[in-house]
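Structure, as structure tokens:
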Amino acid sequence: MKKKNHFAGIVTGSIHYFLIFIILSYCLSALVVRGAGLISEAINDMLADRVVDIAALSITTLRLILVSMALAFLKTVSGNMFSIRIQKELKEMTVKNLASVKMSYVENNAGALITKLTSDIGNMGELFSEIVPEIFQYAVTIITLSVSIIMMDFRLMLGILLCYPAVLFISGKIAERLKELAVNRRGKYDELTEAAQDAVSGIVVERAFLLYDVLNKRINDIAEGILKNEYARNRIQAISYAIESLTKWLPNIICTLFALAEVLSGNLSIGELVAFQVLLTKIVTPIGELPFRINDAREMSVSMRRVNDLLDAPRETGGTQMPEEDYKGQNTVILENVSYWYDANPDRKVLDTLNISFEKGKITAIVGSSGAGKSTLFKILCGFETPKQGRCLFMGKPFGDLDLDAARAKIGIVTQNVFLFPDTIAENVSYGNGTASNALIEDVCKMACIHDHIKSMPEGYDTLVGERGAKMSGGEKQRISIARALLKNAPVFLMDEPTSALDAGTETAIASVFAAEELKKNKTIVIIAHRLSTIINADKILVMDKGKVVETGTHQELIDMDGVYANLYKKEGIQQEVCYEA
């Protein structure tokens, strides 16, 4: 299947600036031709003992210079406008598309995404701001001046074109190799970004298990691969620059000899010789550099393809329907025959024909051993993944028919891996409701059992949490995350192990907040728990095993069954006893 070119629309929207740039480039080249013509006529008149009006010639030349300056200014402005608009729309399109890319794609391509959003988009900015305009400017200059030279004496072009076919052939071969090396280089930088992320994110494990040598070797191996690639690339570029230099000075020698021969044969006047030399100095650089700017464009087209791949990444699919503002039904979320499997292993169902109803005004807990399918179920409830079979109903409508942003506006989420932005505590909490007052922010922080701790800090709610919340402990980050979800005050709460980093006392206090009838009223609360002590007071507990719900009931009912849940609870109790004894 042919991939869509996402850049055509961007370029089309700003093409008028580029057309102005091309027209002005032609006008500037035409003025050079006109200036060379005036010089030629004046020299021929002087050699023929005809009167030359130096004052008039000077005024005309000055006018040409002033017009050229004005046109050059307008050409630069139009070229910059084209470049700026292209880069702005490109970045906006990329960020907008990233917001709707499937979560699984983001998780599996984190390193490549960062490289594409930084380095590759930067390369594309250079491509549209410098290389593409230069290519067209050179092309217009070459065509305009070549026509003038041919009209003067077509044989003069022979010297210019003598070695050009060979240059085009060699530069084409060089471009193919450079593009291949560029593809390899971008892939290596993706690996390096991922390795650097691992080294930073996993620094605790790295130090605890003395993995410096392992991680350093991984980074060094990748860096060595990049170095070898760059050695090869630099060698080829050196050859490219040498050929580029050759095409600049060789035509000067050959063309000058041709021109002198034409003068001696009477086919060219002295004035035309001087005019030719003026035009030659203007055409040699574009002719010499054009093939290599095309090479640069072909090399940077690798970045364009990579960004295009990002824009082609699989996206979340949603509809246009809006959730009901005041849903009257009892079952807020319903799973009907939901099955899910990962494309890499379609024979293994992570979720197998689930039929579950999540009731309003109730706390529903989901428990199970590792690999039971809890995290995948959480992603489906959030709309981050779509069932392979069956459907998920949200407030009476299929989730896939709803506007995803509107649906998620009805959901407050607390994830196990808490993410905080490098802002103040108040700002991180207020992301749950941008219009919330300071008093309301403090109220939800009290509910999340962190208000007193925040007030004890020197800067209170204005305390900066650091990059990714680095200045906060795990428990502090988790409570800020809970406060953020509480502030959103959505009708549905989805929480994945919301108290895993909290001590027993704080965990009990927060659990009592969610269990309070005032908060539960008209709200659907779903908790995915690994610590069973978190959900003892849940209204309904679903026990999962191998993608299926194998037991359902309250805590006491499940204990009385003496089945999977009872075994999990006993194991947790034994583990806690061992920890306490230790």
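In table form, for the structure just shown:
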| item | result |
| --- | --- |
| For Met103, net neighbour charge (Lys/Arg +1, Asp/Glu -1) across residues whose Cβ lies under 10 Å away | -1 |
| Rel. contact order, % - alpha carbon contacts under 8 angstrom, at least six apart, the stretch 1-136 | 36 percent |
| Three-way shape call for the stretch 420-489 based on the alpha-carbon gyration tensor, with the a/c threshold at 1.5 | rounded |
| Stretch gain in nm, segment Leu19-Thr552, where the contour uses 0.36 nm per residue and the Cα spacing is subtracted | 185.0 nm |
| Whole-Å distance, taken between Cα centres, linking the stretch 390-468 and the stretch 284-344 | 27 Å |
| Computed label-point distance, nm, for sites Arg468 and Val147 using a 7 Å Cα→Cβ extension | 5.9 nm |
| Charge context of Ile411, other residues only, Cβ under 12 angstrom, K/R +1, D/E -1 | +3 |
| Leu486, Leu335 arranged by Cβ crowding within 10 Å, fewest neighbours leading | Leu335, Leu486 |
| Entries of Lys477/Lys548; Lys217/Lys374; Lys102/Lys397 with Cα pairs more than 25 Å apart | Lys477/Lys548; Lys217/Lys374 |
| Ranked Lys349, Lys328, Lys570, Lys116, criterion: other C-beta atoms within 10 Å, fewest first | Lys328, Lys570, Lys349, Lys116 |
| Ranked Ser481, Ser301, criterion: other C-beta atoms within 10 Å, fewest first | Ser301, Ser481 |
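No value in this document is a laboratory result; all are computed from the given coordinates. Small disclaimer: the values here were computed from a predicted structure and weren't measured. Note: ideal-geometry Cβ built from the backbone for every residue, glycine included; neighbour counts use all protein chains shown.
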